[in-house]
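Working notes, structure below.
Values quoted throughout were computed directly from the atomic coordinates according to the rules given, and no laboratory measurement underlies them. The shown structure was predicted, so the numbers you read here are calculated from the model rather than taken from an experiment. Methodologically, a virtual Cβ is constructed for each residue, glycine included, from the backbone with ideal geometry; neighbour enumeration extends over all protein chains shown.
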Amino acid sequence: MPEYERVNADMFERIDAAEILPDEAARPNVTYWQDTWRRLKGNKPAVASLGAITLIVACTVFIPMIKPDYYTNHFEISNRWPGAAYWFGTDNFGRDIFTRIWFGARYSLIIAFAASFLNLVIGIVYGGVSGFAGGKTDLLMMRIVDVIYSIPRTIYVILFMVFLGPGLHSIIFALAVAYWLPMARLVRGEMLQLKEQEFILAARVLGASSVRILFRHLIPNCMGQIIVMMTLSIPDAIFTEAFLSFIGLGIPVPRASWGTLASESIQYMRVAPYQLLFPSLAICLTMLAFNVLGDGLRDALDPKMRD
């Protein structure tokens, strides 16, 4: 018997096909998104952040239904410190801060999600067309992005708010116009890589139109990076909205966002610091949860991070 046959005979043992158990023969097939969810579940900080975001959204929806009065003044109980009756205390007008925080969360989260969704749409379309077209079209479109990038975003967000006036729709429009640039750059970079792949050549040979290739083949293949970017843009929108409301360009009274609550309580910081503490904690914890979830999604969706 040759030497290599003796080595193989020592290393391997023949078994019959009937002895192979089904679950040992092959690993169960899973889709890309099923595998992503499995990897995400293994990231405990990301799962905890997802649970925290779910809890915040649930409180935002249901607590204002239970305690709908957030604007009536009760001067006899003004500036009450946190206790059993008022968990987060009351403000200078005797309004329950706990209730007002969850009412404010509605406006802050609506603005963040709406602005992020509009940024997603604008960035995908602009960056996708730029990267897929290439050549002079790509050069012109990206030079426009570079010019807009040269201006600090906060400046023209403030200019938009001054021109349009404070309000929910105004701040959503201002954030949507200002914050789509990173998404466009990301999508454009993904397009430049993907459009040279073999499956795009196959689609062209089969007669697929450019629009079908862009929206049916290219964009779905970079949705992982897009979802991560969108998740990370939500805390940025929350902070910007809080800043605009803090300087008086956000949600007008009697409605209130987290930034409005922080702005109203700053003048009572020495005598009632809890009035500033709780809105600030709400902003910080929500931003932290979205950032940690975004990092977890990036690790789960990135093929280079796979075990």
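Within the range 142-255, which helices (runs of 4 or more DSSP H) (wholly inside it) include 2 or more residues that are among the polar types (S, T, N, Q) and closer than 26 Å to M287 by Cβ?
Working: elements: 153-164, 168-178, 181-194, 198-205, 223-246.
By residue number, 223-246.
Screening V271 with (1) in a helix (DSSP H, G or I); (2) more than 15 Å from the chain's Cα centre (by Cα) gives one miss only, at (1). Being acidic (D, E) and more than 14 Å from the chain's Cα centre (by Cα) is a condition met by no residue of the range 217-240.
Check whether at least one residue in the range 120-140 is in a loop (DSSP other than H, G, I, E, B), in contact (Cβ under 8 Å) with a residue 12 or more places away in the chain and over 27 Å from G250 (Cα atoms), and report yes or no. Yes; the residues of the range 120-140 include at least one that is in a loop (DSSP other than H, G, I, E, B), in contact (Cβ under 8 Å) with a residue 12 or more places away in the chain and over 27 Å from G250 (Cα atoms). Has the range 146-164 got at least one residue that is farther than 30 Å from F62 by Cβ and either of a type in the set (D, E, K, R) or in contact with a strand residue (DSSP E or B) (Cβ under 7 Å, 6 or more places away or on another chain) (or both)? Yes; the residues of the range 146-164 include at least one that is farther than 30 Å from F62 by Cβ and either of a type in the set (D, E, K, R) or in contact with a strand residue (DSSP E or B) (Cβ under 7 Å, 6 or more places away or on another chain) (or both). The conditions are (1) farther than 21 Å from T60 by Cα; (2) among the hydroxyl-bearing types (S, T, Y); (3) buried (at least 18 other Cβ atoms within 10 Å of the Cβ), and Y268 fails exactly one of them. Which is it? Here Y268 meets the rest and fails (3). Taking the range 145-159 as the range and being loosely packed, with under 13 Cβ neighbours inside 10 Å and of a type in the set (A, V, I, L, M) as the test, the residues that pass are V147, I151, I155.
When both residues are 6+ apart or on different chains and their Cβ atoms are under 6 Å apart, which pairs have a first residue that lies in the range 261-276 and is without any contact (Cβ under 8 Å) to a residue 24 or more places away in the chain, and a second that is part of a loop (DSSP other than H, G, I, E, B) and among the aliphatic types (A, V, I, L, M)? Hits for this filter: L276/M269.
A single member of I247, I227 is of a type in the set (V, I, T) and within 30 Å of A133 (Cβ to Cβ), and it is I227.
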